[in-house]
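In what follows, a single structure is set out as structure tokens and then discussed.
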Amino acid sequence: MKIIAATDAEALRGLFAGGWDPPQAVVEGVRAILADVRARGDDALVDYTRRWDFAGASLDTLRVTIPPVADARRLVPDAIASGLELARERIADFHARQPPEPIDYRAADGTRYGFLSRPLVAIGAYVPGGTAALPSSVLMTVVPAKVAGVDRIVVVTPPQRNGSVDPAVLYACAFTGADELYAVGGAQAIGALTYGTATIAAVDKIVGPGNVYVTEAKRQVFGICGIDGLAGPSEVLVVADASAKPELVAGELVAQAEHDPLARVAAVSRERALLERVADLLDGPFGRASGRDEIVARVLDERAWLVHAADDDEMLDVIDRFAPEHLSLMVAEPDAWVPKIRRAGAIFVGDHTPVAAGDYLAGTNHTLPTSGAARFSSGLRTADFLRTMSLVENSPARMRADAGVLAALADFEGLPAHARTARMRGSG
């Protein structure tokens, strides 16, 4: 694997490329599916589910009964159930600490100000499925919504080939307190959550990761329905100094590569010898015989970068321009680095913190911005399930003092009726 200089802009073009730009065929296909779901509702959901997921789909199979917690737990290996329970506890604890303290105060003249927070009424959580069970995605979406106090939490997930929902996903829905579960996936599920059907009532916001069709559908419905963001393929950047262990650096790159053939993985270091050792590991059995070999090999051949920086400023520039979903800090003095990092979805510090910890057990959220979106957006958090309202209650003294200025500003902008509302109160 080639080592690239941090100043080689052309060689790093693919690493720094960002934005959501799906093929036009995907855009048009999603548009057609959404229009069909909006027009035909449940009938469209059944047709698409039969075509892509489960040939025996019917209205009866769309709605999945969430079993009692004890019954659902018996369907899952004890080690997996225990692991999910531990993850839920940590996710709930971390996300419960996030909401800001409410603001409610009076100015010196008696005017009252408030900044009010209210939970969303209904949210939809998309959980990828079909070929793999992802109960962790249930936890990462449902638990923060519960912490925020959302009234109605709906989970949608593609059915397995036999029409069922994986038992681990069922259990995750049961013990996190999801209210509804539907065996529907793809762009059609996003359409149902947005427009509503006879079976699935519409929601206020849709969260959770999905494939290119799901993500494009979220983009197209935004404005009718809220979304958390546009999640593309997985990314990781490892920042390594002379203290870093090559095996751990290479391990993080391979781990992220196995997610998706379109993943982007990179390491940046001032230590060329370290990067050369990482390259040897990635080119050998460590990287090429990891268990998901075809996917990993494609990423390492097409979307992997080992970047040699001349100094720390060049390393920080690589972080800033990539704005990675996951940033792994394998450095001797991470406390000196963290304050300088402006753009990353999540930061994982030190030899004892693999990115996988964030995927499952750390308690932080694994639904993170990708494709450069960490420049302007954040990972899923409790605030995503809340909305805020400002409050102001003028005191009589404030209104008398402000009336003239308020009226003048409104008149200046050509809004005489606004100005009149101020003058009507100015002499009170």
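Considering only DSSP beta bridges with both partners in the chain, what is the antiparallel share in %, to the nearest 5? Antiparallel: roughly 25 percent of the beta bridges in the chain.
Here the simple spin-label model places points 7 Å from the Cα toward Cβ, and for Ser377 and Leu86 these points are separated by 3.2 nm.
Per residue, the chain exposes 47 Å² of solvent-accessible protein surface, assessed with a 1.4 angstrom probe and all protein chains in place.
Entry note: segment 133-227 has Rg to Rh equal to 0.93, where both radii use alpha-carbon atoms and Rh is the Kirkwood radius. Between [x] 166; [y] 140; [z] 200, which entry matches volume of the Cα convex hull per residue in Å³ as derived from the coordinates of this structure? Checked against the structure: label [z]. Between Gly223, Gly124, Gly163, the GNM of the chain built on Cα springs shorter than 10 angstrom shows Gly223 fluctuating the most.
Note on the chain: with a GNM built from Cα contacts shorter than 10 Å, the maximum mean-square fluctuation among Val221, Val127, Val142 falls on Val221.
Using a simple spin-label model with pseudo-atoms 7 Å out from Cα toward Cβ, Arg400 and Leu75 lie 6.9 nm apart. Dividing the radius of gyration of the alpha carbons in segment 1-117 by their Kirkwood radius gives 1.17 for Rg/Rh. Please work out how much accessible surface Glu276 shows to a 1.4 Å probe, ignoring ligands, DNA and RNA, in Å² rounded to 10. The accessible area comes out at roughly 90 Å². Between segment 338-386 and segment 191-264, what's the alpha-carbon centroid distance in Å? Between the Cα centres of segment 338-386 and segment 191-264 lies a distance of 12 Å.
When the chain is treated as a GNM with alpha-carbon contacts under 10 Å, the residue of Ser117, Ser395, Ser378 showing the greatest mean-square fluctuation is Ser395. For segment 302-380, trypsin sites (Lys or Arg not before Pro) meeting the loop criterion (DSSP other than H, G, I, E, B) and having at most 15 other Cβ atoms within 10 Å: Arg342.
A straight Cα-to-Cα reach below 25 Å connects Lys205 with the lysines Lys146, Lys218, residues fewer than 8 places away in its own chain not being considered.
Atom-type composition of the exposed protein surface of the chain places 53 percent of the accessible area on carbon and sulfur (1.4 angstrom probe). Accessible surface ranking for His366, His95, His259, His352, 1.4 angstrom probe, highest first: His352, His259, His366, His95.
The spread of Cα positions in segment 63-182, taken along each principal axis and listed from longest to shortest, comes to 67, 27, 23 Å. These residues, Trp337, Trp20, go from largest to smallest accessible area, 1.4 Å probe, as Trp20, Trp337. Summing Lys and Arg as +1 and Asp and Glu as -1 over all other residues whose Cβ lies under 13 Å from the Cβ of Gly251 gives a net charge of -2.
Multiply the residue separation of Ala242 and Asp311 by 0.36 nm, subtract the distance between their alpha-carbon atoms, and state the gained length in nm to one decimal. My answer for the length gained is 23.6 nm.
The values are calculated or read from the model by the stated rules, or taken from the named source; none is laboratory data. Keep in mind it's a predicted model, so treat the numbers as computed, not measured. No Cβ is skipped: glycine too gets one built from the backbone with ideal geometry, and neighbour counts run over all protein chains shown. Calculation scope for accessible area: heavy atoms of the full protein, side chains included, ligands and nucleic acids excluded. Shrake-Rupley method; radii C 1.70, N 1.55, O 1.52, S 1.80 Å.
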